[in-house]
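The values are calculated or read from the model by the stated rules, or taken from the named source; none is laboratory data. Only a predicted model underlies this, so the values are computations on that prediction, with no experimental measurement involved. When we count neighbours, we look across all protein chains shown, and the Cβ atoms used for this are built from the backbone with ideal geometry, even at glycine.
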Amino acid sequence: MKIIVVGGGEKGLALANLLVNEHQVTLIEEDADRAKVIAAKTEVLVLQGDGGDISLLKQANISEADYVVTTADDKTNLVVCQIAKNEKVPHIVTLVNETKNEELFSKLEITNLVFVVGTIVSAIQRIIMQKGTENIISQLGLGEMQVTKMTVTAGCKAENMEATGIKGAYMLAIYRTGKLIREVKEEKLLKDDTVLFAVAPKKLEDINKYFRTNENPAT
């Protein structure tokens, strides 16, 4: 795929370096000195200039891009998103540095938003709450819901329970001995089952108690 990354800061450069082995990546960096340093240290094609400059984006062949990812300040990100929309780029991903600007991006119908503050807070939250048997796979929105994986261990309250008996979470699927079970209503949870939930963070601790050995679930 052809991918344009706008912004050669730590985030943009790290992303470009991850993608360059399998994709055609162009990185746009405004600072001339930094652009030279990046060009000397990476296989990514580096263009120096303002990422919001339409002529520079055309030089990067934006009309042929599969993805445009912009990691600059919100003002530049908005301009890049607008240009990418006009050029009919199929996939646009943008960093949102301040959550108050979400509405501006939404008005452009940009849905692939990555929130700087939300990402940091969510990462800290995962570390704090990462205990017991749960494993937070991903978060929806700014962390209002989490997709969580838990394992049924011998002697825990969840063992031999009806799947629907675990309150406070929406059970998505059960992975059992190499088989994925999507219809979970009639299932009992067995030892070594891996269970996938969608759950609100405030309910995660209550749900986790079902999967800890010798601990009663919250009532």
V93 vs (1) at pLDDT 85 or above; (2) assigned by TED's automatic domain parsing to the domain that holds K149; (3) of a type in the set (V, I, T): all pass except (2)
Apart from one, (1) modelled with pLDDT of 85 or more; (2) not in a loop (DSSP other than H, G, I, E, B) all hold for L190; the odd one out is (2)
Selection from segment 61-72 of residues in a loop (DSSP other than H, G, I, E, B) and either loosely packed, with under 13 Cβ neighbours inside 10 Å or in contact with a Leu (Cβ under 6 Å, 6 or more places away or on another chain) (or both) yields T71
**Prompt:** Condition test on G52, is it out of contact with any Asp or Glu (no Cβ under 8 Å at 6 or more places or on another chain) and surrounded by 18 or more Cβ atoms within 10 Å (Cβ to Cβ)?
**Reply:** yes
If we keep only residues of segment 120-154 that are exposed (fewer than 12 other Cβ atoms within 10 Å of the Cβ) and more than 13 Å from the chain's Cα centre (by Cα), then the residue modelled with the highest pLDDT is A154
